[in-house]
Amino acid sequence: MNAQAITRTSPLATWVGVGIVAGVVVAIILLLEASGSAFWQGIFITLGMFIILAVSLNLASGFTGVFSLGHIGFMALGAYIAAILTLPVENKEELLNLPGWLATIHLDFTVGTFPLGFLTATLIAGLIASLLAVVVGAVLMRLSGHFVAVATLGFLVIVRVVLINADDFTRGARTFSNVTPYTDLWWVYGWAAVTLYTIWRIKFSAYGRAMFAQREDVAAARSVGIVIMRSRLFAFVVSAFFTAVAGSLWGHFITSFSPNAFYFDLTFRVITMLVVGGMGSVSGSVVGPVLITALAEALRRLEDYNQLYGISGISLALLFLIIIIFRPNGLMGSREFDVEWLGQRVLRALSFGRRREGEKPERFPAGE
Amino acid sequence: MNTVAVKRLFAAAFVLGILLSLPVLSLAQEGDPIVIGGGFGLTGGMASLDVPASNGALLAVQEINAAGGVLGRPLEIVVLDSQTEPDTTAQIARQMIEENQIVASVGFTDSDSALAFGPIMQEAGLPFITAGATSPKLPDQIGDMMFMAPFGDNTQAAVAAEYAFENFGPNGYLLTNLGSEYTRLLADFFKIRFEELGGTLVLEDTFELATSDFTPQITRLSALGTQPDFYFISSLPEDIGPFARQMRDAGFDGPIVSGDGADTPLLIEVGQEAANDVYFTTHALMDGENGTEAVQAFVAAYTEEYGHAPENAFAALGYDAVYLLADAIERAGSTDAVAIQTALNETENFAAVTGSITFTGGSRVPQKAVTIIQVVDQQLTLAGEFVPESVPAAEPAEEPAATEAAA
């Protein structure tokens, strides 16, 4: 891998590019808020949540090649921990049977109109999930291939059984309800931006390159001094943090959920998005959710209109097969959307940028 | 360039989405019908109860329109599929409200879906009548726009407990599916009422969602010194058939008792001769010959429309929910949500297929008679209709939070 490949030739152009993308997202959010349509806001909130989930799963699985089927377990923990913390005290007494110290904690306070308690609860949920990921990862990240997929699946099953049986904390299999709907577009896309930035930086850091190196060839990576365990565990823990954050956001959006919501369906939905977008590409993990969400919504309307219930599941499965056959690395592979190129186009149009004939920077090849 | 291909895909998906939403959007402007929402899990885990409920609701709308509509206007129902997914359930609620301008809604036969759908209707200030979700806590959990067409689980569990205590004896066995709100609540209510009557549960056992092998439970049952007089199983539709079979194969011939989760064609299809001597509580017996007059008329109309008899009582509940709403709109004299809510609250002795519905007592859970069905020679037969002598309060399982250790 040559160092030139990822050198940012023009920081200004990069920032302009990022600014344009951010500007478009903010404009969409403002537009959605102005429209007052809870339905379309709901679609975009769910989309943002899936972007966070897909990008974090990409870090743990796409970058490292350690295929995790257990991430939704961290999401479930994030949703339950944050929801227990923000639940108003009177609802805690009514719905749950918490130990005294926990029953009096209520992170439902706000500073002005800003729900600081929700932010704190989300961070705590993320940190607890990360701590658990350290313990779980220390054991599971030693495995590879099919073994790790089965073992992480085991983790998902364990989380679900614990949630169902921790009756006093979670209401067991019964629906956990009355969660305050704090989550809005700003929260989701704010967290999505933090997630994207963090994971993007990891990808282009020494840690990230160590992950890709050991994914391609464990022996070669070891020979140049990469500690396999450390790079995998780092990816797993950071990924668990953001997955739990997505769980908290989802919990405070949907406001009532049971352990059944965090199981195979959701696991495979996120994996589909990840694989369609491209394992190893951060922008792929944005493209995947956008594409799948748009198609799922379009097909759902088609089936309600034609009363062909169930057709959307079949169509999505077919599409997934076609993508896997013709583009086994997903739509983006390991490549990234080039924000610098976008920035330069704009700068050139405004005639601020220096002309760089035939000097377009290479994309990150990731050893393909 | 790959990014160009991606952009094209984006654009195509977006345009497709807009185009597909157009026909739905234009529906709201045609003519002048009164539009109500129908949310059902037509695919996914609840399909075996929600499809009959949705068929019942559609049949009711058709009949009402044939008889001149509501307030002289045609009634239109927008049925959307929740896919039995919580986020889709919430989204279809928003879709009905914003794109179809519904005035009220009916739907769903399970508490989880009602809890995802109800709060959005509540926030929009539109009445929602659940067709078959039986948790008696729903109206308190969701709010004053939430109404129930069926009785609560506390009522059916009380009837089951009283019936079992009187007819089978004071020693019971309780087996609970831990995987759902409904089965947990039903078991809790059954236990409270049965012990109140002086009965003893000689063994309480549990199983996980999607269990099809009951060997461990049956082994524990065999290890008992004295056998219970009957076996109560709080279960979901897919559990009852295999359980009855495996019990009979292991030589347990005593009566098996269950709730309306056993009101599924699967009981006899899977259980066959093992289903004999299974008793369950439900909303009405769908019997075209021996049922009540209302049931007979409903069974005939349903059979004519769909080519087969109603699958279970949920078909009748979906039908009742629509008639209940139409009646309230008629009495309200307008489609204003608050007027409909007021009219619903004033519902008194409304004659539904599944029994009489009254909300005037301030409770939005109707106190209806509970039907007990007994399987005889692989046929569902009426064992009786009962009103419980005493019903456990709707909040049994929750003990007050421990506050003495407060820091």
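The values are calculated or read from the model by the stated rules, or taken from the named source; none is laboratory data. Just so you know, these numbers come straight off a predicted model, no measurement behind them. For neighbour counting, all protein chains shown are included, and Cβ atoms are generated from backbone atoms with ideal geometry for every residue, glycine included.
Quick one: which residue in B:Phe165, B:Phe147 is of a type in the set (Phe, Trp, Tyr) and not in a helix (DSSP H, G or I)? Please lay out each step first, then the result.
Values: B:Phe165 fails: not in a helix (DSSP H, G or I).
Step by step, each of B:Phe165, B:Phe147 is checked, and only B:Phe147 is of a type in the set (Phe, Trp, Tyr) and not in a helix (DSSP H, G or I).
Restricting attention to region B:56-94, and to residues there that are among the β-branched types (Val, Ile, Thr) and part of a strand (DSSP E or B), which single residue is farthest from B:His308 (Cα to Cα)? Spell out the reasoning first.
Pass one, region B:56-94, residues among the β-branched types (Val, Ile, Thr): B:61, B:64, B:70, B:77-79, B:84, B:88-89, B:92.
Restricting the remaining residues to those that are part of a strand (DSSP E or B) gives B:70, B:77-79.
Values: B:Val70: 28, B:Ile77: 22, B:Val78: 24, B:Val79: 21 Å.
Here the answer is B:Val70.
Can you find even one residue in region A:72-95 that is away from every other protein chain (no Cβ under 14 Å), surrounded by fewer than 16 Cβ atoms within 10 Å (Cβ to Cβ) and not hydrophobic (A, V, I, L, M, F, W, C)?
No, region A:72-95 has no match at all.
Could you go through region B:243-266 and let me know if any residue there is touching a His at 6+ places or on another chain (Cβ under 8 Å) and not assigned by TED's automatic domain parsing to the domain that holds B:Val70. Show your work before the answer.
If we filter region B:243-266 for residues that are touching a His at 6+ places or on another chain (Cβ under 8 Å), which is where we start, we get B:260, B:263.
Now restrict to residues that are not assigned by TED's automatic domain parsing to the domain that holds B:Val70: B:260, B:263.
Taking every residue of region B:243-266 in turn, at least one turns out to be touching a His at 6+ places or on another chain (Cβ under 8 Å) and not assigned by TED's automatic domain parsing to the domain that holds B:Val70.
Give the residues of region B:175-198 that are more than 14 Å from every other protein chain (Cβ to nearest Cβ) and surrounded by fewer than 21 Cβ atoms within 10 Å (Cβ to Cβ), sorted by residue number.
B:Ile192, B:Glu195, B:Glu196, B:Leu197, B:Gly198
From the list B:Thr360, B:Thr354, pick out the single residue that is at pLDDT 90 or above, of a type in the set (Ser, Thr, Tyr) and either closer than 24 Å to B:Asp140 by Cβ or surrounded by fewer than 24 Cβ atoms within 10 Å (Cβ to Cβ) (or both). So that I can check it myself, show each step before the final result.
Details: B:Thr360 fails: at pLDDT 90 or above.
Just one listed residue meets the conditions, B:Thr354.
Kindly check whether there is at least one residue in region A:54-64 that is surrounded by fewer than 19 Cβ atoms within 10 Å (Cβ to Cβ) and either part of a loop (DSSP other than H, G, I, E, B) or in contact with a Cys (Cβ under 7 Å, 6 or more places away or on another chain) (or both). If you could, list the steps in order and put the result at the bottom.
Of region A:54-64, the ones surrounded by fewer than 19 Cβ atoms within 10 Å (Cβ to Cβ) are none.
No, every residue in region A:54-64 fails to be surrounded by fewer than 19 Cβ atoms within 10 Å (Cβ to Cβ) and either part of a loop (DSSP other than H, G, I, E, B) or in contact with a Cys (Cβ under 7 Å, 6 or more places away or on another chain) (or both).
Determine, yes or no, whether A:Gly190 is surrounded by fewer than 21 Cβ atoms within 10 Å (Cβ to Cβ) and in a loop (DSSP other than H, G, I, E, B). Don't jump to the end; show me each part of the working.
Working: surrounded by fewer than 21 Cβ atoms within 10 Å (Cβ to Cβ): yes; in a loop (DSSP other than H, G, I, E, B): no.
Criteria not met by A:Gly190.
Take region B:287-310 and flag every residue that is without any contact (Cβ under 8 Å) to a residue 40 or more places away in the chain and surrounded by 21 or more Cβ atoms within 10 Å (Cβ to Cβ).
B:Val299, the sole residue that qualifies.
Does A:Ile314 satisfy the criteria of being β-branched (Val, Ile, Thr), assigned to a helix (DSSP H, G or I) and under 21 Å from B:Ala47 (Cβ atoms)?
Details: β-branched (Val, Ile, Thr): yes; assigned to a helix (DSSP H, G or I): yes; under 21 Å from B:Ala47 (Cβ atoms): yes.
The answer is yes for A:Ile314.
Restricting attention to region B:36-55, and to residues there that are of a type in the set (A, V, I, L, M) and in a loop (DSSP other than H, G, I, E, B), which single residue is modelled with the lowest pLDDT? Let's see the steps before the verdict.
First, pick out the residues of region B:36-55 that are of a type in the set (A, V, I, L, M): B:36, B:42, B:46-47, B:49, B:51, B:53.
Retained after the next criterion (residues that are in a loop (DSSP other than H, G, I, E, B)): B:42, B:46.
Details: B:Leu42: 92, B:Met46: 84.
Filtering first and then ranking leaves B:Met46.
Test of understanding: among B:Gly107, B:Gly125, B:Gly143, which residue is crowded, with 24+ Cβ neighbours inside 10 Å and not assigned by TED's automatic domain parsing to the domain that holds B:Ser234? Working first, answer last.
On the way: B:Gly125 fails: crowded, with 24+ Cβ neighbours inside 10 Å; B:Gly143 fails: crowded, with 24+ Cβ neighbours inside 10 Å.
Only one candidate qualifies: B:Gly107.
If you take the residues in region B:242-264 that are within 19 Å of B:Met286 (Cα to Cα) and either among the small types (Gly, Ala, Ser) or modelled with pLDDT under 90 (or both), which one is surrounded by the fewest Cβ atoms within 10 Å (Cβ to Cβ)?
Among those that are within 19 Å of B:Met286 (Cα to Cα) and either among the small types (Gly, Ala, Ser) or modelled with pLDDT under 90 (or both), it is B:Thr264.
Do we find that A:Gly288 is part of a helix (DSSP H, G or I), within 28 Å of A:Gln214 (Cβ to Cβ) and more than 8 Å from chain B (Cβ to nearest Cβ) in this structure?
Here the answer is yes, as A:Gly288 does meet what is asked.
From A:Ala125, A:Ala133, grab the single residue that is touching a Ser or Thr at 6+ places or on another chain (Cβ under 6 Å), in contact (Cβ under 8 Å) with a residue 12 or more places away in the chain and either of a type outside the set (Asp, Glu) or more than 22 Å from A:Tyr207 (Cβ to Cβ) (or both).
Details: A:Ala133 fails: touching a Ser or Thr at 6+ places or on another chain (Cβ under 6 Å).
Only one candidate passes the filter, namely A:Ala125.
Suppose the filter is over 30 Å from B:Phe230 (Cβ atoms), touching a residue at least 12 places away in the same chain (Cβ under 8 Å) and surrounded by 24 or more Cβ atoms within 10 Å (Cβ to Cβ); does B:Phe314 pass it? Spell out the reasoning first.
Numbers: over 30 Å from B:Phe230 (Cβ atoms): no; touching a residue at least 12 places away in the same chain (Cβ under 8 Å): yes; surrounded by 24 or more Cβ atoms within 10 Å (Cβ to Cβ): yes.
In short, no.
Check off (1) in a loop (DSSP other than H, G, I, E, B); (2) within 16 Å of the chain's Cα centre (by Cα) for B:Gly318 and give me the number that stays unchecked.
In the conditions (1) in a loop (DSSP other than H, G, I, E, B); (2) within 16 Å of the chain's Cα centre (by Cα), B:Gly318 misses (1) alone.
Residues of region A:65-112 being part of a loop (DSSP other than H, G, I, E, B) and within 25 Å of A:Ala133 (Cβ to Cβ), which ones?
First, the residues of region A:65-112 that are part of a loop (DSSP other than H, G, I, E, B): A:65-70, A:87-88, A:96-99, A:104-110, A:112.
Result: A:Gly65, A:Val66, A:Phe67, A:Ser68, A:Leu69, A:Gly70, A:Leu87, A:Leu98, A:Pro99, A:Ile105, A:Leu107.
When region A:291-338 is examined, which residues are found to be of a type in the set (A, V, I, L, M, F, W, C), facing another protein chain (nearest Cβ under 8 Å) and over 22 Å from the mean Cα position of the chain (by Cα)? It would help to see each step written out before you state the result.
Taking region A:291-338 and keeping what is of a type in the set (A, V, I, L, M, F, W, C), we get A:291-292, A:294-296, A:298-299, A:302, A:308, A:311, A:314, A:316-326, A:331-332, A:337.
If we keep only those that are facing another protein chain (nearest Cβ under 8 Å) as well, we get A:291, A:294-295, A:298, A:302, A:331-332, A:337.
A:Ala298, A:Leu302 - these are the residues of region A:291-338 that are of a type in the set (A, V, I, L, M, F, W, C), facing another protein chain (nearest Cβ under 8 Å) and over 22 Å from the mean Cα position of the chain (by Cα).
Let's see how each residue does on (1) in contact with a Gly (Cβ under 9 Å, 6 or more places away or on another chain); (2) farther than 20 Å from B:Gly384 by Cβ; (3) not in a strand (DSSP E or B):
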{"residue": "B:Val202", "(1), (2), (3)": "yes, yes, no"}
{"residue": "B:Arg220", "(1), (2), (3)": "no, yes, yes"}
{"residue": "B:Thr226", "(1), (2), (3)": "no, yes, yes"}
{"residue": "B:Arg248", "(1), (2), (3)": "yes, yes, yes"}
{"residue": "B:Ala284", "(1), (2), (3)": "yes, no, yes"}
{"residue": "B:Asp287", "(1), (2), (3)": "no, no, yes"}
{"residue": "B:Thr303", "(1), (2), (3)": "yes, yes, yes"}
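Table: residues versus (1) at the interface with another protein chain (Cβ under 9 Å from one of its Cβ atoms); (2) of a type outside the set (S, T, N, Q).
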residue	(1), (2)
B:Thr88	yes, no
B:Gln95	yes, no
B:Asp110	no, yes
B:Ala124	yes, yes
B:Ala131	no, yes
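Out of (1) outside any loop (DSSP other than H, G, I, E, B); (2) farther than 30 Å from A:Phe326 by Cβ; (3) over 20 Å from the mean Cα position of the chain (by Cα), the odd one out for A:Ser248 is which?
(3)
Restricting attention to region B:206-239, which residues are buried (at least 17 other Cβ atoms within 10 Å of the Cβ), free of Cβ contacts under 8 Å to residues at least 60 places away in the same chain and charged (D, E, K, R)?
At the first step, the residues of region B:206-239 found to be buried (at least 17 other Cβ atoms within 10 Å of the Cβ) are B:206-207, B:209, B:211, B:214, B:217-218, B:221, B:228-239.
Now restrict to residues that are free of Cβ contacts under 8 Å to residues at least 60 places away in the same chain: B:206-207, B:209, B:211, B:214, B:217-218, B:221, B:228, B:231, B:233, B:236, B:238.
If the condition is that a residue be buried (at least 17 other Cβ atoms within 10 Å of the Cβ), free of Cβ contacts under 8 Å to residues at least 60 places away in the same chain and charged (D, E, K, R), then B:Glu238 is the only one that fits.
Could you figure out which of (1) within 14 Å of chain B (Cβ to nearest Cβ); (2) surrounded by fewer than 20 Cβ atoms within 10 Å (Cβ to Cβ); (3) out of contact with any Phe, Trp or Tyr (no Cβ under 8 Å at 6 or more places or on another chain) isn't true of A:Pro259?
(2)
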